[in-house]
Amino acid sequence: AQSTPLRAAAIMVVSYGVSISLVEVSWKGQVKKALESPNDYSRFMGMFWTITGLVSMLFMLIGRVVLQRIGYAPAVLFTPASMAIAGSLFFVVSVVQDLAGPRPADAIAWSAYFGGAAVLFAKSAKYAFFDATKEIIFIPLDDASKSLGKAAIDVVAYRLSKSGGSVVLQIVIFFFGAISSVAGILPVALVFALVCFLWIHAAITASKFITNASDTVPQHVV
């Protein structure tokens, strides 16, 4: 029984790193298409990270409120659901515009906006929602499972989360070519969809576990 929440936490960690890597690399490629000038690109990215910082602070303020007033389930599902929706829109728009051939700059901008939204929500929600809900999973566990589980996730899962997306992208580029083409975007999008499905399933599993352990969790969360 103790292995189920630990497995869910590990899948959540790996899925976060892989999904954001797949979207962020593809998204930056779309931004560079839309903004060919290095100065425009740097200005856009600077503005984007500024907005991300502001949204992160906002999420930090509301994250605790969501956990206390609304519940664990919405909090743990917020990050994967946001990433799945915005990321899927990004890949769909990217594929459609590539299949349609050369498009005006506005079409490229739309895919850049959706990809930016996915990265923004994922990065902004990391500390307020993702990390907080992940750590809560360990609270009801026994001491042995808690210490060994955290160690395994911190060492193995985090390394997989950082390298997994890069490995997928390298494989796609090797077999299908540049990820800026439809031949490259499609396999990346399929892997992204699978990862988001596993992530959401793990989040639901974690939510059920915390609900069953509700007599233990609230006194630590409040």
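The values are calculated or read from the model by the stated rules, or taken from the named source; none is laboratory data. This structure is a prediction, so every number in the text was calculated from the model and none was measured. Methodologically, a virtual Cβ is constructed for each residue, glycine included, from the backbone with ideal geometry; neighbour enumeration extends over all protein chains shown. Note: accessible area is taken over every heavy atom of the protein model, side chains too, but ligands, DNA and RNA are not part of it. Shrake-Rupley method; radii C 1.70, N 1.55, O 1.52, S 1.80 Å.
Applying a threshold of 9 Å to beta carbon distances and a minimum spacing of six or more residues, or different chains, the list of pairs starting in the stretch 169-186 at a residue that is over 16 Å from L99 (Cα atoms) and ending at one that is of a type outside the set (F, W, Y) and not in a helix (DSSP H, G or I) reads L169/I179; V172/I179; I173/I179.
Specify the residue that is nearest to A118 (Cα to Cα); the eligible residues are those in the stretch 49-74 that are open to solvent by less than 90 Å² (accessible area, probe 1.4 Å) and within 17 Å of the chain's Cα centre (by Cα).
Our first condition is that a residue be open to solvent by less than 90 Å² (accessible area, probe 1.4 Å); within the stretch 49-74, this holds for 50-53, 55-56, 59, 62-63, 65-68, 71-74.
Those left that are additionally within 17 Å of the chain's Cα centre (by Cα): 52-53, 55-56, 59, 63, 73-74.
Values: T52: 11, G53: 15, V55: 13, S56: 13, F59: 15, G63: 18, A73: 20, P74: 18 Å.
Only one residue tops the list, namely T52.
For V93, are the conditions met, namely being touching a Ser or Thr at 6+ places or on another chain (Cβ under 7 Å) and farther than 23 Å from A10 by Cα? Yes: the conditions hold for V93.
Filtered by the rule that a residue be surrounded by fewer than 24 Cβ atoms within 10 Å (Cβ to Cβ) and under 10 Å from the mean Cα position of the chain (by Cα), the stretch 109-121 gives V119, L120, F121. Taken as a whole, the condition of being more than 23 Å from V96 (Cα to Cα) and open to solvent by less than 20 Å² (accessible area, probe 1.4 Å) applies to I153.
Among helices (runs of 4 or more DSSP H) entirely within the stretch 97-184, having at least 2 residues that are at pLDDT 80 or above and within 25 Å of E36 (Cα to Cα) singles out 105-125, 158-176.
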